[in-house]
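Each reported figure results from applying straightforward, stated rules to the coordinates on display, with no laboratory input. Quick caveat: nothing in here was measured; it's all calculated off a predicted structure.
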Amino acid sequence: MAMKATAEKIPHSWAVQDWPAHVYPHRESKGRYIVRAHKDELVAAGALTRIGRDLVVLGAGYSAWLAKQAHRVDGFAIAPNRSPSARPAA
């Protein structure tokens, strides 16, 4: 039995200033940050192009780039995951 996709499909492409609310990071301001902080990676992944003055995110490349970020989760420590002895005193 094949699994049915449950995630909403991302748009084919969008201008950074028109960041879709249903695509991570969900807001234009945060989308601009993602593009600024990861521009070289996004270009290499085929997720970013320039049309005239607009920076345009290509949905398929962006989706693939997001999926490749999964390796960064391993070893990511947040306060609730730390042992009580490793947490700072309140």
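Listed values, structure above:
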{"item": "Rg [Å, one decimal], Dmax [Å, integer] - the stretch 13-71, C-alpha atoms", "result": "10.4, 34"}
{"item": "Length added when fully stretched, ARG36-ALA64, from 0.36 nm per residue minus Cα-Cα", "result": "8.3 nm"}
